[in-house]
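Below is one structure, written out as structure tokens; the observations come after it.
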Amino acid sequence: MQYRFLGGTDVRVSALSLGTMTFGEQNTEAEGHAQMDRAVAAGVNLFDAAELYPIPPKPETQGRTEEIIGTWLKARGGRDRVLVATKAVGRTGMGWFRGGPAKLDRANLTAALERSLRLLGTDYVDLYQIHWPDRNVSGFGSNPTVWRSSDRAADEVPIEETLAVLADFVTAGKVRHIGVSNESAWGVMTWLAAAERAGLPRIVSVQNAYSLVNRTFEGSLAEVAEREKVGLVVYSALAQGFLTGKYRGGARPAGSRVALFERQQRYQGPHANEAYEAYLDLSSAAGLDPSQMALAFAMSRPFTTTVLVGATTMAQLETNLGAASVTIGPELEAKIDAIHRRHMNPCP
């Protein structure tokens, strides 16, 4: 397992980290504990959660993921052996968050963090992230391929105000480092400028979707990430499973998210299937497991800090962890880029 520095800090993060959004929905507590045990044995040292999880978000299950991580931490001990990351939701229409409307102001963030700490059973989180912006954006993920202006909400919480609250969490020792998610280049630079002006903590990471079928991060955020030391925490490197090949030919395996939930629209757009087929054929020709090729590609980017892997079975987790030993050589990268030019970002 490789380790990289988290932004400009001295914290070392494994190149693969464990995403936990299935814990409490598709995975039981025992299964979640088993996954965390196996991940740690493979060298993974970061678990990523969110107050929103598990997915799909529901009031009756919200917070269950953090609770499962918390019972693992209590049972295994050694809190300092792992890094725990979690996230606070931004502006949302889900009125059941903190009584609604959920915003990124002091009252909301304080309530969110205190609940997360209680469920996780810890005094601090290593990385506290804003799950998505408070402001209205053109599209979820903040990096759409087609720009549509978004009206500014009258009660939009300024980034400077949110940062001041997060800075107080750091001062209090409840948060070690802060990051953002589903954020744009403008957003990341605004966070950094606000920190510089006020002498407050800088964000150290941005957790955005990035995969063979969604390389929009490279358009402007990649340069920001490298120059400003705001590392990418990759989510959805397998395009919600479509890059594994398990949905090939319209298959809907029992227990898969496609079979259980209708939440894959981002990865079922026009021309997406042609791109999937091209990458799946390439992995076969290269003698590589398609999941491992996709994960290894995301890990190999110079702006990437860590790639989140999620699984519902131990077999899937074993496959994903095996990506740590896969190398994307120049010849394979050239072939990947050739497909990218033919099928550019069908799933932004």
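The values are calculated or read from the model by the stated rules, or taken from the named source; none is laboratory data. Computed from a predicted model, the values in this text were never measured in an experiment. With ideal geometry, Cβ positions are generated from the backbone for all residues, glycine too; neighbour counts draw on all protein chains shown.
Scan (1) in contact with a strand residue (DSSP E or B) (Cβ under 7 Å, 6 or more places away or on another chain); (2) part of a helix (DSSP H, G or I); (3) of a type in the set (Gly, Ala, Ser) for the single condition Ala85 breaks and write down its number.
(2)
Cβ-Cβ under 7 Å, sequence separation 6+ or interchain: first residue in the range 93-122 and more than 15 Å from Pro57 (Cα to Cα), partner modelled with pLDDT under 95 and in a helix (DSSP H, G or I). Which pairs?
Between residues of the range 93-122 that are more than 15 Å from Pro57 (Cα to Cα) and residues that are modelled with pLDDT under 95 and in a helix (DSSP H, G or I), the close pairs are Thr122/Arg79.
Would you mind stating whether Arg76 is over 18 Å from Lys174 (Cβ atoms), crowded, with 19+ Cβ neighbours inside 10 Å and of a type in the set (D, E, K, R)?
So Arg76 does not fit the description; no.
Among the residues of the range 165-197, how many are over 12 Å from Tyr128 (Cβ atoms) and touching a helix residue (DSSP H, G or I) at 6+ places or on another chain (Cβ under 7 Å)?
Total meeting the criteria: 8.
Taking Arg266, is it assigned to a loop (DSSP other than H, G, I, E, B) and charged (D, E, K, R)?
The answer is no for Arg266.
I need the full set of residues from the range 1-12 which are farther than 14 Å from Phe303 by Cβ and either in contact with a Ser or Thr (Cβ under 9 Å, 6 or more places away or on another chain) or of a type in the set (A, V, I, L, M, F, W, C) (or both), in order please. Write out each step before concluding.
The first filter runs over the range 1-12 and keeps only residues farther than 14 Å from Phe303 by Cβ, leaving 1-3, 9-12.
Scanning the range 1-12 gives Met1, Gln2, Tyr3, Val11.
Quick check, is Glu114 modelled with pLDDT of 95 or more and under 18 Å from Asp168 (Cβ atoms)?
yes
Working only within the range 1-28, note down all residues that are more than 20 Å from Arg81 (Cβ to Cβ) and either touching a residue at least 60 places away in the same chain (Cβ under 8 Å) or not in a loop (DSSP other than H, G, I, E, B) (or both).
Hits for the range 1-28 are Gly7, Gly8, Met21, Thr22, Gln26, Asn27.
Can you confirm whether the range 48-61 contains a residue that is buried (at least 22 other Cβ atoms within 10 Å of the Cβ) and either part of a strand (DSSP E or B) or touching a Cys at 6+ places or on another chain (Cβ under 9 Å) (or both)?
Scanning the range 48-61 turns up at least one residue that is buried (at least 22 other Cβ atoms within 10 Å of the Cβ) and either part of a strand (DSSP E or B) or touching a Cys at 6+ places or on another chain (Cβ under 9 Å) (or both).
When you scan the range 7-18, do you find a residue that is surrounded by 15 or more Cβ atoms within 10 Å (Cβ to Cβ), modelled with pLDDT under 95 and either touching a His at 6+ places or on another chain (Cβ under 8 Å) or closer than 24 Å to Leu109 by Cβ (or both), even just one?
no
Out of Glu333, Glu274, I need the residue that is within 27 Å of Gly231 (Cα to Cα), surrounded by fewer than 20 Cβ atoms within 10 Å (Cβ to Cβ) and among the charged types (D, E, K, R). Which one? Don't jump to the end; show me each part of the working.
Details: Glu274 fails: within 27 Å of Gly231 (Cα to Cα).
Exactly one of Glu333, Glu274 is within 27 Å of Gly231 (Cα to Cα), surrounded by fewer than 20 Cβ atoms within 10 Å (Cβ to Cβ) and among the charged types (D, E, K, R), namely Glu333.
Report, ordered by the first and then the second residue, all pairs with beta carbons closer than 9 Å, sequence separation of six or more or different chains, a first member in the range 319-335 that is within 20 Å of Gly245 (Cα to Cα), and a second member that is assigned to a loop (DSSP other than H, G, I, E, B) and acidic (Asp, Glu).
What qualifies is Thr319/Asp289; Gly322/Asp289; Ala323/Asp289; Val326/Asp289.
Looking at the range 148-161 only, could you name the residues that are in a helix (DSSP H, G or I) and out of contact with any helix residue (DSSP H, G or I) (no Cβ under 7 Å at 6 or more places or on another chain)?
Hit for the range 148-161 is Glu161, nothing else.
Determine the pairs where a residue that is within 17 Å of Arg81 (Cβ to Cβ), located within the range 29-53, has a partner that is of a type in the set (D, E, K, R) and at pLDDT 95 or above with Cβ atoms under 6 Å apart, the partner being 6 or more residues away or on another chain.
Sorted first by the residue in the range 29-53, then by its partner, the pairs are Ala49/Glu66.
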